[in-house]
Structure formats: C-alpha cells, structure tokens
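Chemist: First the structure, then my questions, so here it is.
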Amino acid sequence: MTTHGPSGYPLLGNLPDYLGNKLNFLLENAQKYGDWVELKLGEPTFLLNNADDIKYILTTNHKNYEKTPRLTSERGRKFSGKGILTTKTHEHLRQRRALQPAFHFKIIAKFAREMVDNTDEAIYKWKDGTEIDIAEVMMQLAQKNILRAVFSNLADQLPEIAEDIITRRTYLGYIFGSLFPYPEYLPNSLNRQYRQAKERLDQFISAEIERRRQSALTDDLLSMLINTRYEDGTPMADTQLKDETLTIMLTGYETIGEALTWCWHQLAKHPEITDKLIKEIDTVLTGKAPEVSDLSKLKYTEAIISETLRFLPPTWIYIRMATDADTLPSGAKVPAGAKIYLCPYTLHRNPLYYPDPDRFDPDRFLPEVRKQRHRFAYIPFGGGTRLCIGEAYAKMQCVIVLARITQQWRLSLISGQAIKPVPGITLHPNQAIKMQVNRRQ
C-alpha cells in the first residue's frame, strides 16, 4: 500500500486544492493512497482511512491525541465555551462522568412524547401539495426539541432564545472560517449581534439557574445539571453550568436537524426505500404515535438513519493533534505536533468496509449485517472516550420524527434543484431543499 500523498504548490502546499473542494479533495486522495494520506496543510497532516488506525487514535492511545487548539485554547474556548466539547483530555473524563447520568436513556426517554407533540406542531399546517423547505422545518423542529428538553416549561421565551442561538452558531462559523487572524475585532454587524446575543443568553441561563435553586427543580436537563455532582461530591460551578447548557443548546440540534434533512432528501430520491419504511411503520405502530417501547422494533427506520449518517454525516471531520511522535497500526509514522484528520465522509466511502459505497442502502445497517463490520469503520458520533454524549438522544429523536411524519405524509423533491453538501462546521446543504408534501392515502 502506498504511504504518501499528493504533491503541492510551493509554500502553499495542498491548501488551494483543499479549499477549492474539501470533500472531493479528501475523497480522491483517500481513494488513491489508501490507509493513510500525508497532506501538506501547514503542519504535517494525516488523513486516516483505516479503521484500526482510527480505533488506535480514539481508544488505544487517545491520550496522545488532543483536540485542535482552535477549540481547546483559551481563544477557542472564549467562543465555543468551556463545556465538555472543548475540554482537554485531562479534564474531559471528570466532566463526562459528571454529565453522563443526565444523558442516560432512562432520562432522555422522558422527552419522547414531547418530540411527537413538537413534530405534530411543526406539520399541522401542511396541506396536500404544500411546498416546504425541509431543511428549515427540520432545523426548527430539532431546535425546539432540545430547547424544551433543557428548559421544559419556558415555551413563551424560547423563540427569542432560539434566535440568539442561531446568531451564536452563525458567529462560530464566521470565526472559524475567517481568513483574517482576529475577525472578532472587525467593526461589522455580526460582531455586534453576537455580543448582544451572548449577553442575553448568559443572563437568561444565569437567571434560570438561580430561579430553580430558589424554587423546585423541574424535570429537564438544566435541572439535571444543577443536581450533578462530581466524584468528590462537589456541584458544578455556575460558570460551568452555563457553558455546559450553551454547549447542549448548540450541539443538540444542528447535527440532528441536518441528519433529518439529508434523510428526507435521500428518501425522496429512493421511493422504493420509502415504500419499505412505510410498510414497517404501519406494521409496528398500527396508527398510534411512536413510543419509546417501539424504537427497538423500528429496525429498518433506524437503519435508514444510520445509512444517512454514513452517506452524509453532519459531523464530517474530527481533528486531533499528536502530542508525541507515534507509529500507527498501518505503519504510518506520525511526528509530534502532526494534525490528524478523521473524516467520516471519506471513511464511510471506503469500499473495504462498504461495497458500492456511493449507493444509498439502509440494509447495510440491519443488525445481522452491521455486526460483521469493524466498529471503527463507522464514526458519525466519534468514538472512544470522546464518543458523543448525546448519541442516544439524537438517534431517538431521528427515529421518532421520521416515523411520525411518515405515518401521515410522503415527501417528494421539487425538480430542478442542484443539492450539494457543503462542509462547514457541519455538513449542510448548499441551498434550501424544496419538497412537496402529499398526504398518504
């Protein structure tokens, strides 16, 4: 197996080709060079396509591979917060153990009924032939689900909070995508909007923490966090509570909304898969709303979600930095300070793990097929100690929303659209995805 990578331009290396089309550049080189590719993107950069290497990075020797300083540095945490998403390895395990009980399935299962109600609320105005932007609908629904999971009965205040979260999300894309070294100091409207949104969010969360301490706690994630204790019995500091809440509010909706968006997009392109989905949902649910007890029976529905996360993973890349020099199972020799690209978009198209990888095929994720595949050939939620703490919540929501809408509606793509994935902070569509809804007979 060749163990090199593409030649680059003087001084600029592979940067022009990478920035020109990130997904194609990474995929073409993964297909050409195999298990690992050495790229010229500033510091030595390794794109990994071997599941054994990825397992090694995420589990066996994970302490040697830190998250990128763009997240974990003081400047990175200034914008992304000091929640579990940006903690360094030595802090991460303690914070994860403290948060884990709040994301136990028995806890998040309580939100299933509200997910059904929120879905019904999102689609109750649909009429036969209505045209919608499915990306907008799914993003708003996912955001409503996470906000109500965090803040329970504060529905009247949530629209304003939702707008501030969107502003914060837009701002992070601006900060991390800017070619200027310190874009936060530019005198533009987005910087001003972000400061105002940040102040409102900080005040709102701080007030909610104080209000709940003064009165009875409610049955939601914020109350769970307030009750959280570390192993030594100490509670989270208010600043940590605020940052963890902000992290959940942001990361708990965007990737879910995009996963559902891409799922509907693929179903519209594959009506034969939709037919099988409808058959399972009608057979299992017999017309009633989906409940937690139904989830294990909706195997094909879950397989469709899993195949969507393979085919178009919202979290399309993870970056790690090597603390010390190392040798990977594939034989790649990684110098200290090297950047490691773990790219689900390319890994999930490795024909060694997924024959005919450009075909959308949920059967790949039926239980009898899935168990034969390398565990680390599929990483839409990461893996190892950094496995997404909200994985069960995300999967539950996707299955419930997909099932509930399919019970009543069939969605089709409006012709003439050129939908392409765009790799930003997450993998999002390049434009609105216009679909027509038709009531099932």
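Chemist: Among the numbered criteria (1) part of a helix (DSSP H, G or I); (2) touching a helix residue (DSSP H, G or I) at 6+ places or on another chain (Cβ under 7 Å), which single criterion is violated by ARG211?
Modeler: Unmet for ARG211, out of (1) part of a helix (DSSP H, G or I); (2) touching a helix residue (DSSP H, G or I) at 6+ places or on another chain (Cβ under 7 Å): (2).
Chemist: Right, here's the next one. So in segment 51-67, with the set limited to residues that are surrounded by fewer than 21 Cβ atoms within 10 Å (Cβ to Cβ) and of a type in the set (D, E, K, R), which one is farthest from ALA332 (Cα to Cα)?
Modeler: Going through the qualifying residues, I end up with LYS67.
Chemist: Another question, then. Please list, ordered by residue number, the helices (runs of 4 or more DSSP H) wholly in segment 98-177 having 1 or more residues that are at negative phi and at pLDDT below 90. Even if it seems obvious, please write down each step before you answer.
Modeler: Values: elements: 105-108, 112-123, 134-151, 158-177.
Those helices (runs of 4 or more DSSP H) span 105-108, 134-151, 158-177.
Chemist: Being surrounded by 17 or more Cβ atoms within 10 Å (Cβ to Cβ) and of a type in the set (Gly, Ala, Ser): is that true of ALA149 here?
Modeler: For ALA149, the condition - surrounded by 17 or more Cβ atoms within 10 Å (Cβ to Cβ) and of a type in the set (Gly, Ala, Ser) - is met.
Chemist: Residues that are closer than 30 Å to PRO421 by Cβ: which helices (runs of 4 or more DSSP H) entirely in segment 214-269 hold 2 or more of them?
Modeler: Here the list reads 238-251, 254-269.
Chemist: OK, next. State all residues of segment 3-18 that are surrounded by fewer than 15 Cβ atoms within 10 Å (Cβ to Cβ) and in contact with a strand residue (DSSP E or B) (Cβ under 9 Å, 6 or more places away or on another chain); if no residue qualifies, say none. Please lay out each step first, then the result.
Modeler: Taking segment 3-18 and keeping what is surrounded by fewer than 15 Cβ atoms within 10 Å (Cβ to Cβ), we get 3-4, 7, 9-12, 16.
Those that are surrounded by fewer than 15 Cβ atoms within 10 Å (Cβ to Cβ) and in contact with a strand residue (DSSP E or B) (Cβ under 9 Å, 6 or more places away or on another chain): THR3, HIS4, SER7, TYR9, LEU12, PRO16.
Chemist: Suppose we filter segment 391-437 for residues that are touching a Gly at 6+ places or on another chain (Cβ under 8 Å), over 24 Å from ALA303 (Cβ atoms) and either at pLDDT 95 or above or in a strand (DSSP E or B) (or both); how many remain?
Modeler: The total comes to 1.
Chemist: Check segment 19-27 and report whether any residue there is aliphatic (A, V, I, L, M), part of a loop (DSSP other than H, G, I, E, B) and surrounded by fewer than 16 Cβ atoms within 10 Å (Cβ to Cβ). Talk me through it step by step, then tell me what you get.
Modeler: Here is the first cut: in segment 19-27, the residues aliphatic (A, V, I, L, M) are 19, 23, 26-27.
Filter once more, keeping what is part of a loop (DSSP other than H, G, I, E, B): none.
No, there is no match, as no residue in segment 19-27 is aliphatic (A, V, I, L, M), part of a loop (DSSP other than H, G, I, E, B) and surrounded by fewer than 16 Cβ atoms within 10 Å (Cβ to Cβ).
Chemist: Let me ask you something else. Which numbered condition trips up ILE205, out of (1) surrounded by fewer than 20 Cβ atoms within 10 Å (Cβ to Cβ); (2) under 20 Å from LYS82 (Cβ atoms)?
Modeler: Answer for ILE205: the failing condition is (1).
Chemist: Any chance segment 279-288 includes a residue that's touching a residue at least 60 places away in the same chain (Cβ under 8 Å), in a helix (DSSP H, G or I) and of a type in the set (A, V, I, L, M, F, W, C)?
Modeler: Yes: segment 279-288 contains one or more residues that are touching a residue at least 60 places away in the same chain (Cβ under 8 Å), in a helix (DSSP H, G or I) and of a type in the set (A, V, I, L, M, F, W, C).
Chemist: So, one more: Confirm whether ILE256 is without any contact (Cβ under 8 Å) to a residue 60 or more places away in the chain, closer than 24 Å to ILE165 by Cα and crowded, with 17+ Cβ neighbours inside 10 Å.
Modeler: no
Chemist: Please specify each residue of segment 39-50 satisfying the condition of being under 26 Å from the mean Cα position of the chain (by Cα) and either surrounded by fewer than 23 Cβ atoms within 10 Å (Cβ to Cβ) or closer than 13 Å to TYR18 by Cα (or both).
Modeler: Step one: filter segment 39-50 for residues under 26 Å from the mean Cα position of the chain (by Cα), giving 39, 41, 45-50.
Correct list: LEU39, LEU41, THR45, LEU47.
Chemist: Shifting gears a bit: Within segment 362-385, take every residue that is out of contact with any Phe, Trp or Tyr (no Cβ under 9 Å at 6 or more places or on another chain) and farther than 27 Å from LEU71 by Cα and give me the one that is surrounded by the most Cβ atoms within 10 Å (Cβ to Cβ).
Modeler: Of everything passing the filter in segment 362-385, VAL369 is surrounded by the most Cβ atoms within 10 Å (Cβ to Cβ).
Chemist: Confirm whether ASP238 is under 27 Å from LEU141 (Cα atoms), charged (D, E, K, R) and in contact (Cβ under 8 Å) with a residue 12 or more places away in the chain.
Modeler: Criteria not met by ASP238.
Chemist: Counting only residues that are part of a helix (DSSP H, G or I), surrounded by 13 or more Cβ atoms within 10 Å (Cβ to Cβ) and either modelled with pLDDT under 80 or more than 20 Å from the chain's Cα centre (by Cα) (or both), how many does segment 76-93 have?
Modeler: Of segment 76-93, the ones part of a helix (DSSP H, G or I) are 76-80, 84-86, 89-93.
From the residues that got through so far, the ones that are surrounded by 13 or more Cβ atoms within 10 Å (Cβ to Cβ) too are 76-77, 79-80, 84-86, 89, 91-92.
Then drop every residue that is not either modelled with pLDDT under 80 or more than 20 Å from the chain's Cα centre (by Cα) (or both), which leaves 76-77, 79-80, 84-86, 89, 91.
Adding up the residues that qualify gives 9.
Chemist: Next question. Would you be able to say whether some residue in segment 141-161 is among the β-branched types (Val, Ile, Thr), touching a residue at least 24 places away in the same chain (Cβ under 8 Å) and closer than 30 Å to ARG410 by Cα? Write out each step before concluding.
Modeler: We begin by selecting, within segment 141-161, every residue among the β-branched types (Val, Ile, Thr); these are 146, 150, 161.
Checking which are touching a residue at least 24 places away in the same chain (Cβ under 8 Å) leaves us with 146, 150, 161.
With the extra rule that they be closer than 30 Å to ARG410 by Cα, the set shrinks to 146.
Yes.
Chemist: Any idea which of (1) modelled with pLDDT of 95 or more; (2) surrounded by 15 or more Cβ atoms within 10 Å (Cβ to Cβ); (3) in a loop (DSSP other than H, G, I, E, B) is the one CYS388 doesn't satisfy?
Modeler: (1)
Chemist: Return yes or no: is LYS40 basic (Lys, Arg), assigned to a helix (DSSP H, G or I) and in contact with a helix residue (DSSP H, G or I) (Cβ under 8 Å, 6 or more places away or on another chain)?
Modeler: no
The rows are residues; the columns are (1) modelled with pLDDT of 95 or more; (2) touching a Gly at 6+ places or on another chain (Cβ under 6 Å); (3) farther than 28 Å from ILE107 by Cα.
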residue	(1), (2), (3)
MET249	no, no, no
GLU254	no, no, no
GLN266	yes, no, yes
LYS269	yes, no, yes
GLU272	yes, no, yes
ILE278	yes, no, yes
ASP282	yes, no, no
THR308	yes, no, no
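Chemist: Please pick out the residue among GLN417, GLN407 that is among the polar types (S, T, N, Q) and touching a residue at least 24 places away in the same chain (Cβ under 8 Å).
Modeler: Of GLN417, GLN407, the one residue that is among the polar types (S, T, N, Q) and touching a residue at least 24 places away in the same chain (Cβ under 8 Å) is GLN407.
The values are calculated or read from the model by the stated rules, or taken from the named source; none is laboratory data. Worth saying up front: this structure is predicted, and the values here are computed from it rather than measured. No Cβ is skipped: glycine too gets one built from the backbone with ideal geometry, and neighbour counts run over all protein chains shown.
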